[in-house]
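Working notes, beginning with the structure itself.
The values are calculated or read from the model by the stated rules, or taken from the named source; none is laboratory data. Predicted, not measured: the structure shown is a model, and the values here were computed from it. Cβ sites come from the backbone with ideal geometry, for glycine too, and all protein chains shown count toward neighbours. In case anyone asks, the SASA skips ligands and DNA or RNA and just uses the protein heavy atoms, side chains included. Shrake-Rupley method; radii C 1.70, N 1.55, O 1.52, S 1.80 Å.
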Amino acid sequence: MLSVFDGLRSVTTLSVFVRLACAFICGGIIGIERSYKRRPAGFRTHILICIGAAITTLTSQYLYMHYFTDMARLGAQVVAGIGFIGAGTIIVTKRQNVKGLTTAAGLWTSAIIGLAFGGGFYEGGILATGFIMLAEQVFSRLEYRVLEHVPEINVYMEYEDK
């Protein structure tokens, strides 16, 4: 753990501000890339999901400090609930191609980054944002280059009986 963040690990007004600001910035970084590619969930959506997950974790910490509840409960609901939003971005085209999986995965990871920042795990949130940007910008170019040289073969089969 980096010692530069040690003063921000306890729950204070400053640490809450920094955690939400980190969620805002990192969610925005991921979202701006998706907006640039004209994907369904872009800049604002990723920011809102990341901040929402962060405030969920902060709320869990607050409730734990004052009412002695299970801290992981609200975070687990974010992980499960984000699947519904992500599922709405996935479509199957007329040619039976699946679109939106990367956007759904980006929304899910944006929520997890928000949970990390909300919990004060700054290093994890920053590193995860860096790796996500590497995957979405650098590896997507590599993937497109590889797929340019791969032929697509469609096989259609019809059965007369079971």
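Annotations for the structure displayed:
- The residue list VAL11, VAL78 contains one member that is open to solvent by 20 Å² or more (accessible area, probe 1.4 Å) and at pLDDT below 85, which is VAL11.
- When the residues of the range 30-44 are filtered to those that are surrounded by fewer than 22 Cβ atoms within 10 Å (Cβ to Cβ) and touching a Ser or Thr at 6+ places or on another chain (Cβ under 6 Å), the one that is nearest to PHE121 (Cα to Cα) is PHE43.
- Residue in the range 45-61 that is nearest to the chain's Cα centre (by Cα), counting only those that are open to solvent by 20 Å² or more (accessible area, probe 1.4 Å) and within 15 Å of LEU107 (Cβ to Cβ): ILE49
- Considered as a group, the residues in the range 67-84 that are part of a helix (DSSP H, G or I) and in contact with a helix residue (DSSP H, G or I) (Cβ under 6 Å, 6 or more places away or on another chain) include one that is nearest to THR109 (Cα to Cα), and that residue is ILE82.
- Against the numbered list (1) of a type outside the set (A, V, I, L, M); (2) open to solvent by 70 Å² or more (accessible area, probe 1.4 Å); (3) under 19 Å from the mean Cα position of the chain (by Cα); (4) farther than 17 Å from ILE82 by Cα, SER3 comes up short only at (3).
- Residue tally, condition open to solvent by 100 Å² or more (accessible area, probe 1.4 Å), closer than 22 Å to GLN96 by Cβ and outside any loop (DSSP other than H, G, I, E, B), over the range 144-162: 2
- Qualifying positions in the range 65-86 - within 22 Å of ILE29 (Cα to Cα) and either of a type in the set (A, V, I, L, M) or in contact with a strand residue (DSSP E or B) (Cβ under 8 Å, 6 or more places away or on another chain) (or both): VAL78, VAL79, ILE82, ILE85
- Among residues of the range 41-64 that are closer than 12 Å to ILE113 by Cα, those with a beta-carbon under 6 Å from a residue that is open to solvent by less than 10 Å² (accessible area, probe 1.4 Å) and among the hydroxyl-bearing types (Ser, Thr, Tyr) at least six positions away or on a different chain give the pairs HIS46/SER110; ILE49/SER110; CYS50/SER110.
- Test: residue in the range 99-121 that is surrounded by 12 or more Cβ atoms within 10 Å (Cβ to Cβ), touching a residue at least 12 places away in the same chain (Cβ under 8 Å), farther than 26 Å from ASP6 by Cβ and in contact with a strand residue (DSSP E or B) (Cβ under 6 Å, 6 or more places away or on another chain): yes
- You will find that of PHE17, PHE24, the residue that is surrounded by fewer than 15 Cβ atoms within 10 Å (Cβ to Cβ), within 29 Å of ILE85 (Cβ to Cβ) and modelled with pLDDT of 85 or more is PHE17 and no other.
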